[in-house]
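The values are calculated or read from the model by the stated rules, or taken from the named source; none is laboratory data. Since this is a predicted model, take the numbers as computed values, not measurements. Here the Cβ positions follow ideal geometry from the backbone for every residue, glycine too, while neighbour counts run over all protein chains shown. Protein only, heavy atoms only, side chains kept; ligands, DNA and RNA dropped before computing areas. Shrake-Rupley method; radii C 1.70, N 1.55, O 1.52, S 1.80 Å.
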Amino acid sequence: MQNTEELIIETSHVSFGFSKGQNALNDVNLQIPKGAIYGFLGPNGAGKTTTIRILLNLLKPSNGYVNLFGKRVTGTSNNLFSRIGSLIETPSLYEHLTGLDNLLITANIRNIPKSRVTEVLEIVGLSSYGGMHVKKYSLGMKQRLGLAIALLPSPDLLILDEPTNGLDPTGIIEIRELLLLLCKERGVTILISSHLLAEIEKLVSHVGILNQGKMLFQGSFKNLQQIREEKSIIEIDTDQNDRAINLLLENNHPVSQGKEFLEVKFLNICQLSAITSLLVIAGLAIYRMQLIESSLEQTFLSIINKTGQP
Amino acid sequence: MKLFYTELIKLKNTFAFWLTIMGALFMPLLLLSAYLLSTKEFVPAPGVNPWYEYLLRTFNGSCLFSTGFISLIIGLILNVEHKAHSWKHLFTLPVSRGKVYLVKLTFIFATIITFIVLYFVFAVSIGQFLGTGKPELKFSEFDIPNVYMFKFLLDFFVSIIPMVVIQYWISLRIENLVTSLGLGLLGLLVGLLFKNWPHIVYFPYAMPFQMWNYQLSKSFVSQNFFWINIAYTLLFLALSYHDFTRRFRG
């Protein structure tokens with residue numbers, strides 16, 4: 001990631017362990033530029049929530065430090081948090097109170113006018129349910145209320161830990177559109193964690209992949225797409241596969257025998273016609289010629305699985 | 001002040017709110033039914049102010065029952081945060097942990113003072129009602145011994161402060177209401193059972209029971225207890241504050 005960009009979140013060699021000798025996080029270096037929507041990915045138990053808790057000063061790293069808005073986070077960094085809205089795991093809601101009361105509690109602590117409370121209820125589509133007790137809310141409504149609480153301070157940085165938990169597909173799309181709008185129109189930097197790439201791939205500009213407490217990948221979403229393309233292959237089947245292998249190798253096409261078909265590493269789309277011409281001119285009958293693109297999900301899983309291997 | 005107001009919002013529709021009112025009414029209602037059912041037994045000797053005996057029963061009731069109610073009120077107020085898993089949210093707001101600790105403790109003390117004041121308002125009102133409804137009890141013929149009552153109120157409040165601070169710490173740390181309340185009640189039980197043991201004054205939960213059969217001549221604040229209470233209060237305030245601000249993860 002480019003260091004010339006203004007970084008809103010920066011962690012340097014952050015490590016953390018809940019017990020001695022067992023690190024939940026190992027040398028994590030997050031770099032999140034201003035205006036980015038950063039997808040923080042990893043399977044359950046990878047250390048995403050622990051990292052987020054460290055960013056929010058809920059846990060103290062055993063090693064390394066955290067910078068938010070270019071300032072070091074210490075025990076007395078409360079002022080920094082007036083610019084941050086957050087939602088960690090399940091939203092913290094007082095179920096015996098109404099949605100409006102829940103918002104008023106945070107608004108009072110943050111010195112935010114009541115008019116903003118009405119505004120955020122409208123943003124998350126709960127304006128008709130503000131007077132309803134939270135215990136009567138569905139899971140999705142609670143998640144929206146949690147998001148409304150995070151939006152109260154008109155934050156410059158939003159930190160959301162699995163915010164689409166419990167939302168139906170329509171709800172997920174609505175939240176996605178809302179976050180895109182916040183980023184585009186207000187320049188809000190967003191860190192969003194998820195264990196599913198598919199859930200956030202249409203949203204994020206940057207991606208960080210964490211597994212077993214270690215950062216495995218960090219970069220722009222385009223970088224991840226590039227990796228995906230590098231993993232794409234062309235499957236080929238002919239009437240004389242042994243001859244085809246020799247021909248392809250002679251013409252500098254990296255080929256190998258796959259489980260069923262020949263596999264050539266995909267470089268670019270012109271390669272398809274070049275290989276076809278080569279085989280046809282040599283008099284081979286082509287039964288199959290197919291470009292197999294690796295999905296982002298497969299790319300993500302292959303990155304994750306690398307650490308799982310001994 | 002705004003933080004204090006948010007605590008008030010959180011108390012809405014909670015059992016803690018109703019307990020503050022209904023718990024304060026419990027003992028005075030017991031006394032009312034006793035005086036109504038066995039009026040003859042409570043008729044004072046000629047020239048004796050019935051308020052002294054009535055207030056002494058109120059005071060003893062306060063030592064016996066109010067301490068349990070107070071432990072429950074503390075547990076219930078903190079349970080609101082535990083149930084909502086809201087500590088993590090509170091700690092990410094631009095307010096220091098120290099402020100959160102102090103505002104909550106102040107709010108708990110305010111609730112306890114409300115409870116005690118209501119308890120005595122109800123008790124005195126019931127005494128006056130008995131004076132009108134049962135003239136033979138002679139409540140209306142004598143003045144309420146205000147000095148006696150206010151002296152007890154002050155001494156009783158001083159006696160419960162260390163217990164409140166310890167119970168606040170326990171209820172902060174233990175999410176399970178039954179466990180935190182159970183520990184509090186166990187402390188109170190030990191304090192009650194051993195209230196006559198010479199060294200029991202060093203056990204904070206026993207302090208309220210040192211007020212048993214309170215006499216104006218034996219003012220509580222003038223004795224060693226006052227200093228022991230101050231020492232315990234400062235000690236547990238410092239320990240719990242340090243624990244909450246440095247180690248508590250929510």
Output field shielding_mean for B:6-17 (other chain Cβ, 10 Å radius) holds 3
Can you bin the range A:102-208 into rounded, prolate or oblate? Criterion: square roots of the alpha carbon gyration tensor eigenvalues sorted a ≥ b ≥ c, rounded for a/c under 1.5, prolate for a/b above b/c, oblate for the rest.
-> oblate
Once the Cα atoms of the range A:157-209 are picked out, what are the Rg and Dmax in Å?
-> 10.5, 27
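Just to check, using Stokes-Einstein with a Kirkwood Rh over alpha carbon pairs, what's the diffusion coefficient of the protein assembly as shown at 10 °C and 1.306 mPa s in µm²/s? Spell out each step's value before the answer.
Details: Rh = 28.6 Å.
Value of D from the Cα-based Kirkwood radius: 56 µm²/s.
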Over its alpha-carbon atoms, the range A:197-240 yields an Rg and a Dmax in Å of 15.3, 49
Which parts of the range B:42-90, residue by residue, lose 50 Å² or more of accessible area when the rest of the protein chains are there, as against the chain isolated (1.4 Å probe)?
-> B:A84, B:K88, B:H89
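Just the number, please: buried accessible area between B and A, total of both chains, 1.4 angstrom probe, nearest 100 square angstrom. Let's see the in-between values first.
Values: alone 12850 and 15850 Å², together 26270 Å².
Using a 1.4 Å probe on protein heavy atoms, the buried area is about 2400 Å².
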Of B:T14, B:T233, B:T92, the most mobile residue in a GNM of chain B (C-alpha springs, cutoff 10 Å) is B:T92
Residue mean of other protein chain beta carbons inside 10 Å, B:95-107 | 1
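Using the C-alpha atoms of the range B:115-221, what convex hull volume per residue, in cubic angstrom, is computed? Don't skip to the answer; put the middle values down first.
On the way: hull volume 14.6 nm³, N = 107.
For the range B:115-221, the hull spanned by Cα atoms encloses 136 Å³ per residue.
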Relative contact order %, chain A, counting alpha carbon pairs below 8 Å whose residues are six or more apart = 20 percent
Across 10 Å bins beginning at 0, the whole-percent shares of Cα-Cα pair distances in the range B:98-167 come to 17, 37, 25, 15, 6, 1
Ranked by GNM mean-square fluctuation in chain B (Cα springs under 10 Å), the top entry among B:K138, B:K40, B:K195 is B:K40
Pairs of Cα atoms under 8 Å, at least six residues apart: use those to get the relative contact order of the range B:1-247, whole percent.
-> 28 percent
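Averaged across A:106-113, how many Cβ atoms of other chains sit within 10 Å of each residue's Cβ atom?
Details: counts 5, 2, 8, 12, 4, 3, 0, 0.
Partner Cβ neighbours, averaged per residue: 4.
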Under a 1.4 Å probe, what is the accessible area of the protein assembly as shown per residue, stated in Å²?
-> 47 Å²
For chain A, take the alpha-carbon Rg, divide it by the Kirkwood Rh, and send me Rg/Rh.
-> 1.11
In whole percents, the bins of 5 Å from zero upward hold the Cα-Cα pairs of the range A:122-162 as 6, 21, 34, 20, 13, 6, 0
Please work out the C-alpha center-to-center distance from the range A:1-63 to the range B:106-148 and express it in whole Å.
-> 60 Å
So which residues of the range A:87-102 lose at least 50 Å² of accessible area, probe 1.4 Å, when you go from the chain by itself to every protein chain present?
-> A:S92, A:Y94, A:H96
A student asked for the Cα radius of gyration and Dmax of the range A:211-310 in angstrom ought to give 16.4, 54
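Can you send over the carbon and sulfur percentage of the accessible area for the range A:135-271, probe radius 1.4 Å, protein chains only?
Values: 3160 of 6460 Å².
Carbon and sulfur together cover 49 percent of it.
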Under DSSP H, which helices of chain B have Cα atoms covering 20 Å or more of the helix axis and a Kyte-Doolittle average no less than 1.6?
-> B:15-37, B:177-193
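Taking the Cα centre of the range B:102-224 as the origin, how large is its charge dipole in debye, to the nearest 20, when only Lys and Arg (+1) and Asp and Glu (-1) carry charge on their Cβ atoms? Could you put the intermediate results ahead of the total?
Numbers: 7 positive and 5 negative charges, 39 e Å.
Dipole size: approximately 180 debye.
Please work out whether the range B:38-182 counts as rounded, prolate or oblate from its C-alpha gyration tensor, where a ≥ b ≥ c are the square roots of the eigenvalues and a/c under 1.5 means rounded, while otherwise a/b larger than b/c means prolate and anything else oblate?
Working: a/c = 3.32, a/b = 2.87, b/c = 1.16.
Since a/c reaches 1.5 and a/b is larger than b/c, the shape of the range B:38-182 is classed as prolate.
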Please name which of B:P135, B:L118, B:L56 has its Cα lying farthest along the dipole of the range B:7-166 towards the positive end, using unit charges on Cβ (Lys, Arg +1; Asp, Glu -1) and the Cα centre as origin.
-> B:L118
Ignoring the sites themselves, what is the longest stretch of chain A with no trypsin sites (Lys or Arg not before Pro) in a DSSP loop and at most 12 other beta-carbon atoms within 10 Å?
-> A:21-201
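What fraction of the Cα pairs in the range B:1-247, stated in percent, has a spacing above 25 angstrom? Intermediate results must be reported in sequence, preceding the final value.
Details: 14244 of 30381 pairs.
Taking all Cα-Cα pairs of the range B:1-247, the fraction more than 25 Å apart is 47 percent.
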Per the 1.4 Å probe, what fraction of the accessible area of chain B, in percent, lies on carbon and sulfur atoms?
-> 68 percent
For chain A, built as a Gaussian network whose Cα springs stay under 10 Å, the top-fluctuating residue of A:G75, A:G21, A:G171 = A:G21
